[in-house]
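The block underneath contains the structure these notes are about, expressed in C-alpha cells.
The values are calculated or read from the model by the stated rules, or taken from the named source; none is laboratory data. This structure is a prediction, so every number in the text was calculated from the model and none was measured. Positions of Cβ are backbone-derived with ideal geometry, glycine not excepted, and every protein chain shown enters the neighbour counts.
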Amino acid sequence: MQSKAINYFTNSAGMLLLAASTALFIGNWTRLGLVQPHDPVLQLSMRNLFWIVGALGLVAALVCLFGRRAWAKLGLILWLTSVLLVYQVALQSTTACRNFSFFLIGVARPFALTPGAAYWLARIGLVGLWLGSLAGLLWLWRGNRSYLKCACSHCGGNISFPSGGIGRQIDCPHCAAKAILRVPPET
C-alpha cells in the first residue's frame with residue numbers, strides 16, 4: 001500500500017513537473033513580443049530564469065517518472081519545491097508589489113490564462129508538491145523503522161514494538177499484565 005501511494009504521487013508529480021516545464025518552455029518560445037521584466041532577486045531576465053527553472057523541472061520530472069528509488073524522487077521534489085518557495089518569499093520581500101503575477105505574462109498568454117490564474121496555479125502546485133513530498137518522506141522514514149517481536153512472559157502472546165522500545169515496561173495487549181520489552185532470543 002505504501003509503495004503504491006508513493007509511486008502514484010511521484011508519477012503524478014513527474015507529470016505535473018513535465019507540464020509546468022513545457023509551459024515555461026512554450027512561454028519562452030512564443031514570447032509574443034512582450035517586454036520581459038528582470039527578476040529582482042537573481043538579477044536575471046525572466047526569460048533566462050524560466051529556461052533555468054524549466055530545465056530543473058524537466059530533470060526532476062524525468063527522475064520522478066523513470067527513477068527507481070522513492071527516497072531520491074521525493075527528496076528531489078522536496079528540494080526543488082523548497083527552493084522555489086524560498087525564491088517566492090524572497091521575491092515578495094524584495095518587491096514593493098505583493099501581486100507579482102505580471103512576471104508570468106509570458107507563460108500565461110500562450111495558454112489563454114490570466115497572469116493571476118497562472119500565478120495561483122503555480123502556487124497551489126508548488127505547495128501541494130512540497131507537502132506531498134514531505135509527507136511521503138516521513139511515511140518512508142516511519143515505515144523503515146525496524147520492529148522487533150517478543151513474547152509476553154505471562155501469556156506468551158507476541159508483542160511487536162519499535163527497536164527503540166527495548167527495556168520499556170508496557171501493558172501486554174493480550175492479557176494486560178505488565179511486560180518488559182526484550183530483545184528476542186536468537187533461534
Worksheet, complete the sentence: Expected single match for small (Gly, Ala, Ser) and at pLDDT below 80 among Gly27, Gly14, Gly57 is Gly27
Worksheet item: Is there a residue being over 27 Å from the mean Cα position of the chain (by Cα) and in contact (Cβ under 8 Å) with a residue 24 or more places away in the chain anywhere in segment 119-136?
Response: no
Worksheet item: Of these, Val83, Val41, which one is in contact with a Leu (Cβ under 6 Å, 6 or more places away or on another chain), over 23 Å from Lys4 (Cα atoms) and either of a type in the set (Val, Ile, Thr) or surrounded by fewer than 15 Cβ atoms within 10 Å (Cβ to Cβ) (or both)?
Response: Val41
